[in-house]
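Have a look at the structure below, then the notes.
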Amino acid sequence: MFASLVSCGKRLKWVITALLISLASAMLPANYLSGQSTDDVDASLEAMQQNVAPVKVDGNFLFIVHGISSYPAELRAETISTRIKRAARDPKNSSDSIKITENDGRSEIFSGNEFIMNIYDVDARMENIDRKTLVKIYSEKIQSSIKLYRYDRSRPVLIRRSIYAVGVALLLTLFLISVLWLIKRLEARLDSRIRSGADSLEKKSFTIIKSSHLVGAIRAFYKFLKICAYVIVIAAFLEYVLGLFPWTSNVAVSVLNLFIKPLKTLGNGFLAFLPSLAFLIVLFFITRYLLKVIRLLFTGIDQGAIHIKNFYPSWAMATFRIVRVFIIAFAVVVAYPYIPGSQSLAFKGVTVFMGVLFSLGSSSFIGNIIAGYSMIYRMAFKKGDLIQVDDQIGFVEEQKMLVTRLRSHKNEEIVLPNAVLQNSKIINFSAREKDSRLILHTTVGIGYETPWRQVDAMLMLAASRTEGLLKDPPPFVLKESLGDFAINYQINVFCGDVANIKAHYTKLHQNILDVFNENNVQIMTPAYVMDPETPKVVPKDQWDIPLSHDNEGNIR
């Protein structure tokens, strides 16, 4: 409590002192030596609303001054700089005629009759020295600045520096001409070597790397380095020449800062980013090896080396992809605050804009991904299965998150979006191939005059003649319907080779035609109007009629 009271007492003392200094300054008359106002800043610097600005003359730094909100440091520094230049341009003022007068709470610095600036106790406290020492330092700086200002503008100095500028310009011209000549000679030699090396690399890479592309990239890099060298040499020349003359010395500093400041900013930014970079590197390796371990786990499940109850191997890699997305998303969320510029409004605006674009243009994209995972976890089919989707039949070649690729019996590639699969009826011919067997079936319409027992026997005979179909379980015949003109019989045969289902159907149909022709039974399908005069059957002696030939023996 006592310490806080002492602190409050000190603050109150400083406030009262500042108020007294301000009142005394307002009541004092103008200084008789200059006949002008010497109040360049309010004594209420104690208000603690301070800012600082450097005082410069011809680009040369002298010292730093403080300011307040009502009289900023930039305006105070510019005013002092203008007064120093005005005193230096006045030939009546000697560079040694620096005068210091003391008033209550401030010291006034003059150069001859020209008022330069006030120095307050607050200024001294900001520099952690007493006011007399600060006044001595500032007066010496002002005196040296006036001498340098006059020296730089003296005739002998300007003539000498002009000669230097012309000489440097001539040397630079000769240097650039020599460099250009030398570069042309080197380019001719390097071009042949680079081209031969690129051709050799192209052969070793089996034309994966094109020599023309490699040569073009090397030339572009070489050209970039050449331009950078020219810019640096010319910038150094301009900085030197412009720095020779006081009127352009500020421009010289600006030209130098034009190249140095960005590099300095990049360097400081990189140094400041190093702790965050170290964190991001550690996070990257942790995430990477965590994903490797999880991938090994799910690969073992997929290959059958690891068994988890009620978790099918076909789910393994799909589940791994989901887990990987969540892990990467979590890593990105953790890393986001450490990314350079992530807290800037521009970065946030760009990320929001890209998110809006993604959400507007990816509805079908996301729908296909969700449908892809749904098909995997529904286990409707797997790779290698023969499936039918609407009127498309084919073997599953590849099942991705967006599409599923089928290969038809005619070796066609059928690409089906997963959203279509999710909303369509799927027939999987391979799902019951090993346990219950697939039943191949076909229907024929036979007239009522043919006994059904004879038809059953003929269909069973045709099935027994068909190679590739199973004899056990035995085939069976169904009477599907009693139509208006015919009875529809369906022969059902078990098949254990779904991959050749088209070939089995072809052979079965061939055998049915042969058996019915052998027994002079007419197949009434697909339509029947009336009994013909002769049955529509093919006699056996006409089964192998040769094809017609032309006069030269060629098949027509």
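The values are calculated or read from the model by the stated rules, or taken from the named source; none is laboratory data. All values derive from a computational prediction rather than experimental measurement. Neighbour counts run over all protein chains shown; Cβ positions are idealised from the backbone, glycine included.
Which of the residues spanning the stretch 377-392 are touching a strand residue (DSSP E or B) at 6+ places or on another chain (Cβ under 7 Å) and either farther than 17 Å from residue 429 by Cα or of a type in the set (A, V, I, L, M) (or both)? Scanning the stretch 377-392 gives 380, 386, 387, 389. Among residues of the stretch 304-323 being surrounded by 12 or more Cβ atoms within 10 Å (Cβ to Cβ) and part of a loop (DSSP other than H, G, I, E, B), the one that is modelled with the lowest pLDDT is 312. When restricted to residues that are surrounded by fewer than 19 Cβ atoms within 10 Å (Cβ to Cβ), outside any helix (DSSP H, G or I) and at negative phi, the stretch 115-151 contains 3. Would you call residue 100 buried (at least 21 other Cβ atoms within 10 Å of the Cβ), touching a strand residue (DSSP E or B) at 6+ places or on another chain (Cβ under 8 Å) and not in a helix (DSSP H, G or I)? The answer is no for residue 100.
Might you check whether a residue that is within 30 Å of residue 335 (Cβ to Cβ), surrounded by 14 or more Cβ atoms within 10 Å (Cβ to Cβ) and either modelled with pLDDT of 70 or more or aliphatic (A, V, I, L, M) (or both) occurs anywhere in the stretch 228-243? No: zero hits.
When residues in the stretch 396-416 are screened for being more than 16 Å from residue 318 (Cα to Cα) and in a strand (DSSP E or B), 9 of them pass. Among the residues of the stretch 468-493, those identified as under 60 Å from the mean Cα position of the chain (by Cα) and at pLDDT 90 or above are 492, 493. When the test is whether a residue is within 56 Å of the chain's Cα centre (by Cα) and either within 30 Å of residue 244 (Cα to Cα) or among the polar types (S, T, N, Q) (or both), residue 138 passes it. A single entry from 284, 347, 326 fulfils the requirement of being within 24 Å of residue 372 (Cβ to Cβ) and either modelled with pLDDT of 80 or more or of a type outside the set (Ser, Thr, Tyr) (or both): 326. Here is a check on your reading of the model: is residue 80 in contact with a helix residue (DSSP H, G or I) (Cβ under 9 Å, 6 or more places away or on another chain), assigned to a strand (DSSP E or B) and β-branched (Val, Ile, Thr)? Considered against the rule, which asks whether it is in contact with a helix residue (DSSP H, G or I) (Cβ under 9 Å, 6 or more places away or on another chain), assigned to a strand (DSSP E or B) and β-branched (Val, Ile, Thr), residue 80 comes out as no.
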